[in-house]
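Report on the structure given below.
The values are calculated or read from the model by the stated rules, or taken from the named source; none is laboratory data. None of these values were measured; they are calculated from a predicted model. Every residue, glycine among them, receives a Cβ derived from its backbone with ideal geometry; neighbour counts consider all protein chains shown. These accessible areas exclude ligands, DNA and RNA; they are computed on the full protein's heavy atoms, side chains included. Shrake-Rupley method; radii C 1.70, N 1.55, O 1.52, S 1.80 Å.
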Amino acid sequence: MHPLVLTFLIFGIPALIGLTWVFLRGSSGLRSYILTRIALTIPMILILATVVFLVMRIIPGDPITSALGPKGTAEIKERFAEQHGLNDPLAVQYGRFVADVFTLDFGNSLIGSQRPIVDELGERLPATLEMVIPATLLALSLGVFLGTRAGVRRKSAIDYGSRIFSVMIYAMPIFWLGLLFQLIFGVWLGWTPIAGRIDPSIPLERTTNLLIIDSIITANWVALRSVLAHLVLPTLTLGLVLSGVFLRLTRINVIETGQEDYVAAARARGIDQGTITRRYSLKNAMIPVITLIGLQVAILLAGAVLTETVFAWPGMGRYLIQRILARDFTAVQSVIVFFALFVAVISLAVDILYSVLDPRVRY
Amino acid sequence: MTKRLLLVLFSFALVVAACTSSDDTTTTTAGVSDTTTTTEAPAATTTTAAPVAAVCPSETGGGTVVIGTTDAIASLDAADAYAVRDWEVLKNFGEPLLKWVPGSADQLQLGIAESMPVASEDGLTWTVTLREGLLFGDGTPITAEIVAAQLTRLLTISETGPNQVGLTLGNPYVDSIEAVDDRTLQFNLPAPIAFFLQLLASASYIPANPATFPEDELNVFPTPPLTGTGPWIVTEIVTDESMTLEPNPNYHGDQPKVDRVIVRQFADPQSMALAVQTGEIDIAWRILGAELANELGEIDGLNSVVVPSGPIRYLIINHVLEPTNDPNVRKAIAAVIDRDELSDVIFGGAVDPLFSQVPPGFLGATEAFEDLYGSPDLDAARAFLEASGYSEDNKLQLPVWYPPEHYGATTADGVLLVVQQLEATGMIEVEVNAQEWGTYVGALTSGEDYPVGVLGWFYDFPDPENYLQPFIENGGLGTMVTAKDGPITPGVSEELLTLLTASRIETDLDARAAILEDLQAVYADEVVTVPLWIEPEFIVYRDGICGDASLPNPQTLNIGGTMEFSYSVIGTDGS
């Protein structure tokens with residue numbers, strides 16, 4: 001089975017089940033909202049795809065000169081353009097692209113391997129997900145934990161320390177932090193590998209291209225250990241940088257909710273601080289944080305580009321950069337459509353979760 | 001600790017800036033041995049190689065060697081591939097009729113051919129006999145019929161691929177390839193060429209296994225295992241991650257010294273540099289910059305060496321556009337270039353200045369620009385400018401273009417230093433323009449927009465022809481000394497074309513060298529291009545990794561002037 005389909009099954013099926021559950025149990029307003037949001041995704045993707053299609057053709061440079069360089073004669077360039085339909089009118093090229101998007105075919109890469117784009121994405125999307133998901137979990141858990149502690153113990157050492165940490169870590173260029181971690185944990189201490197997804201000398205049968213899952217289903221524990229070791233630095237880099245913003249947002253919201261009347265009332269009833277924080281302050285403080293997760297997904301994907309470059313991680317971000325530089329129209333368009341779909345799905349999930357967490361929200 | 005910190009700091013700055021075995025080999029110097037022949041290709045002269053312990057004290061071999069690279073695979077079909085990395089892989093799992101002695105660039109030896117090809121009297125037909133009992137890596141017998149059919153792919157289906165290498169290395173030189181009998185091949189040429197043997201040693205002339213590469217269709221990105229005529233089998237390719245090669249048990253020659261080679265893909269040289277430090281990789285190969293390679297060379301346990309080869313950098317001068325259509329302007333530009341300063345300031349002396357478009361070591365290579373213009377001679381430059389009416393009050397306005405991101409920071413710095421040198425005449429005012437590569441290369445090579453621009457070049461086959469013909473014929477990659485359809489540009493010496501044609505068909509080495517010397521003199525006089533420097537390539541490897549001491553350049557793991565890296569020669573000390 002194609003790795004892209006397997007990736008969808010692994011991540012998409014649970015999401016689909018969750019969505020169906022919410023859809024069936026939700027109010028008619030929520031059901032209407034979900035249907036509208038799904039319907040709106042189609043024009044959103046189309047508009048974005050159209051913009052990308054046009055921008056790729058407006059910006060300087062073209063795939064022919066980029067691919068052939070100074071050695072490409074006029075005859076060779078003409079043949080290349082003819083073979084790839086680059087001489088066709090823009091409207092014809094656009095029509096072909098839209099048809100490819102709707103059939104989820106995406107055509108073949110223009111430069112280099114000229115393989116089907118879905119095959120190229122099937123190799124890279126799992127790699128990106130395998131890094132982005134643990135990084136998001138790390139950012140969220142660290143940010144919420146420290147933010148809560150700082151908010152509850154305002155003006156304490158932990159509050160000042162967390163605030164300094166959040167500003168420093170968020171301001172730090174991601175590639176610089178990555179290089180620093182490579183040097184400290186890889187070169188100096190020798191604790192972790194510094195690049196790649198797995199030691200290439202360890203054999204591993206790749207089915208889903210999600211190496212953690214592949215090594216578990218083949219019971220290849222040596223490979224699993226190598227995969228996890230290779231995940232440490234990229235996850236730490238991406239997760240720490242993103243944790244800063246979650247920390248600050250959680251802190252300020254815990255402080256604000258701590259001043260609400262219902263918290264004062266809870267205190268007056270003699271409920272201990274831990275229970276107040278967990279049951280009252282934190283639950284309410286999490287609502288903006290959940291919203292932020294949706295917004296951070298796009299930033300996370302952008303951050304993954306740099307992280308993937310530093311850690312030689314063969315994911316979507318690195319692929320996108322390579323293809324943009326090569327002016328590989330079809331590949332760039334396809335990756336961006338995929339990114340857009342990803343962000344749209346996460347945004348939808350966040351909006352739905354928002355309504356579940358905050359009963360005041362009515363759709 | 002300090003060095004490592006400096007390395008990180010330097011890496012940070014960079015990121016910011018960039019957001020064969022010896023079978024049948026005798027090293028004779030005559031071109032008549034039936035096993036090894038010396039050609040007019042460049043001698044393997046090391047540029048500024050550091051003295052390192054390159055040969056293992058007690059070589060044992062075996063084990064796995066991991067090589068790092070930032071160079072991506074673009075095509076693995078010999079009838080399409082047109083990049084250094086692709087050719088490197090092709091030459092490890094495939095082998096042409098002839099091959100270069102590892103580490104050399106002037107010694108051809110037999111590949112899958114049993115003896116050196118023989119030319120007919122008119123030079124239009126070459127006949128070559130295959131070795132007996134040849135097998136592809138999967139055990140398929142190799143016959144002349146299969147080889148002829150597979151090499152014919154270069155002439156017939158190459159044009160359907162992204163690189164269309166046949167139009168560059170096939171069709172202009174070969175009309176057809178026939179099997180005379182089971183082991184004999186015949187190449188029919190449209191015109192005699194002096195460099196046919198070098199052409200046969202190129203990766204484009206590797207017969208591919210028809211089981212993977214069908215006669216009528218390219219297979220640019222084949223699925224492993226890739227078996228061919230060479231000493232290795234590509235057993236696994238993980239896109240953008242790694243490639244694994246294991247010895248080919250059916251190879252006709254000596255088996256590789258190590259059990260397995262893994263080539264790991266890196267996105268940037270900084271990570272690759274750190275990986276060779278930690279031992280995740282044993283060898284950091286292309287592409288490391290000079291500063292990074294020097295830093296790594298100072299770390300215990302690592303050896304950093306300059307490879308005696310690399311692309312050249314030069315100025316394309318447009319002979320049709322103003323103001324460079326004026327011969328005096330072109331000569332003034334040639335006279336002000338201080339190549340030693342470029343080498344010292346930009347590369348810390350790590351590059352070789354280039355005084356002719358044909359690099360040193362090639363047959364007939366001269367220092368024509370040094371001989372004609374000095375390096376530099378500001379007075380001569382001013383005299384050329386004055387002859388065309390320019391003065392300190394009436395300065396020459398000269399647009400100079402370069403691609404800031406494509407060749408890296410050093411080339412960009414080099415261009416800016418060239419600008420300073422031009423303006424040091426006091427009679428030239430340079431307008432520096434940067435343009436993104438995709439647009440730049442199209443505009444420059446079409447000859448329509450840029451009077452002066454910088455470009456890089458690495459040969460397709462190691463012969464002076466490949467350093468001269470592209471800049472003279474068919475628009476000259478933007479020099480426009482000839483029009484796209486052929487005729488020489490008015491005002492440019494027709495002697496250029498006459499000498500080029502003569503050098504192409506002359507097979508006597510001495511006579512050809514004399515023609516090439518004359519050609520370079522005319523080339524410099526016309527200032528077709530302005531050669532600047534040879535960009536160095538570096539290899540860094542850990543202690544315990546060794547080259548073959550019986551072959552040239554063991555200190556670079558036997559990578560010589562052809563820049564071919566034969567994984568078969570890599571040895572280990574068993575540590």
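Considering only residues that are part of a loop (DSSP other than H, G, I, E, B) and in contact with an Asp or Glu (Cβ under 9 Å, 6 or more places away or on another chain), which ones fall in segment B:440-457? Please lay out each step first, then the result.
From segment B:440-457, those part of a loop (DSSP other than H, G, I, E, B) are B:447-451; that's our starting set.
If the condition is that a residue be part of a loop (DSSP other than H, G, I, E, B) and in contact with an Asp or Glu (Cβ under 9 Å, 6 or more places away or on another chain), then B:451 is the only one that fits.
Considering only residues that are under 27 Å from the mean Cα position of the chain (by Cα), within 23 Å of residue A:203 (Cβ to Cβ) and not aromatic (Phe, Trp, Tyr), which ones fall in segment B:259-272?
Selection gives B:260, B:261, B:262, B:263, B:264, B:265.
Return the residues of segment B:134-192 that are within 14 Å of chain A (Cβ to nearest Cβ) and of a type outside the set (S, T, N, Q); say none if nothing qualifies.
Within segment B:134-192, B:157, B:159, B:161, B:162, B:165, B:166, B:167, B:169, B:170, B:172 qualify.
Answer with yes or no whether residue A:203 is in a loop (DSSP other than H, G, I, E, B), within 25 Å of residue A:137 (Cβ to Cβ) and out of contact with any strand residue (DSSP E or B) (no Cβ under 6 Å at 6 or more places or on another chain).
no
Go through segment B:404-439 and count every residue that is closer than 22 Å to residue B:292 by Cα and not in a helix (DSSP H, G or I). It would help to see each step written out before you state the result.
Of segment B:404-439, the ones closer than 22 Å to residue B:292 by Cα are B:404-417.
If we keep only those that are not in a helix (DSSP H, G or I) too, we end up with B:404-408.
Counting residues in segment B:404-439 that are closer than 22 Å to residue B:292 by Cα and not in a helix (DSSP H, G or I) gives 5.
Given A:55, A:22, A:98, which one is within 30 Å of residue B:82 (Cβ to Cβ) and either modelled with pLDDT of 80 or more or crowded, with 16+ Cβ neighbours inside 10 Å (or both)?
A:55
Just the residues that are of a type in the set (S, T, N, Q) and in contact with a helix residue (DSSP H, G or I) (Cβ under 6 Å, 6 or more places away or on another chain), please, taken from segment A:179-229.
A:182, A:192, A:207, A:208, A:209, A:215
Mind checking whether some residue in segment A:170-180 is surrounded by 19 or more Cβ atoms within 10 Å (Cβ to Cβ) and over 15 Å from residue A:310 (Cβ atoms)?
no
Could you grab the pairs with beta carbons closer than 6 Å, sequence gap of 6+ or different chains, first residue in segment B:219-233 and open to solvent by 40 Å² or more (accessible area, probe 1.4 Å), second one of a type in the set (A, V, I, L, M)?
B:225/B:233
Report yes if some residue within segment B:326-333 is over 28 Å from the mean Cα position of the chain (by Cα), modelled with pLDDT of 95 or more and not in a helix (DSSP H, G or I); otherwise report no.
Yes; the residues of segment B:326-333 include at least one that is over 28 Å from the mean Cα position of the chain (by Cα), modelled with pLDDT of 95 or more and not in a helix (DSSP H, G or I).
Which of the residues belonging to segment A:194-225 are under 23 Å from the mean Cα position of the chain (by Cα) and more than 11 Å from chain B (Cβ to nearest Cβ)?
Across segment A:194-225, the qualifying residues are A:207, A:208, A:210, A:212, A:213, A:214, A:215, A:224.
Restricting attention to segment B:368-403, which residues are open to solvent by 30 Å² or more (accessible area, probe 1.4 Å), in a helix (DSSP H, G or I) and among the aromatic types (Phe, Trp, Tyr)?
The one that is open to solvent by 30 Å² or more (accessible area, probe 1.4 Å), in a helix (DSSP H, G or I) and among the aromatic types (Phe, Trp, Tyr): B:384.
Are there any helices (runs of 4 or more DSSP H) wholly within segment A:1-112 with 3 or more residues that are away from chain B (no Cβ under 14 Å) and over 30 Å from residue B:71 (Cβ atoms), and if so which?
So the answer is A:13-25, A:28-58, A:90-102.
How many residues does segment A:306-361 hold that are aromatic (Phe, Trp, Tyr), open to solvent by 60 Å² or more (accessible area, probe 1.4 Å) and within 11 Å of chain B (Cβ to nearest Cβ)? Explain how you work it out, then say what you get.
Within segment A:306-361, the first condition is being aromatic (Phe, Trp, Tyr), and the residues that meet it are A:311, A:313, A:319, A:329, A:338-339, A:342, A:354.
Restricting the remaining residues to those that are open to solvent by 60 Å² or more (accessible area, probe 1.4 Å) gives A:342, A:354.
Within this subset, residues satisfying the condition of being within 11 Å of chain B (Cβ to nearest Cβ) are none.
Here the count works out to 0.
Test residue B:185 against the stated conditions and say whether it is within 21 Å of residue B:91 (Cβ to Cβ), touching a Phe, Trp or Tyr at 6+ places or on another chain (Cβ under 9 Å) and part of a strand (DSSP E or B).
Yes; evaluated as a whole, the condition is true for this residue.
Check residue B:235 against each of (1) within 14 Å of another protein chain (Cβ to nearest Cβ); (2) over 23 Å from the mean Cα position of the chain (by Cα); (3) assigned to a loop (DSSP other than H, G, I, E, B) and name the one condition it does not meet.
The single condition residue B:235 does not satisfy is (3).
Is one or more of the residues making up segment A:155-169 closer than 30 Å to residue A:10 by Cβ, assigned to a helix (DSSP H, G or I) and either open to solvent by 30 Å² or more (accessible area, probe 1.4 Å) or within 14 Å of another protein chain (Cβ to nearest Cβ) (or both)?
no
Based on what the data block shows, is residue B:569 farther than 18 Å from residue B:463 by Cα and assigned by TED's automatic domain parsing to the domain that holds residue B:352?
no
Looking at residue B:426 and the list (1) open to solvent by 10 Å² or more (accessible area, probe 1.4 Å); (2) within 13 Å of chain A (Cβ to nearest Cβ); (3) among the small types (Gly, Ala, Ser), which single condition is not satisfied?
Exception for residue B:426: condition (2).
Just to check your reading of the model, which residue among A:293, A:252, A:276 is open to solvent by less than 10 Å² (accessible area, probe 1.4 Å), on the phi < 0 side of the Ramachandran plot and not charged (D, E, K, R)?
A:276
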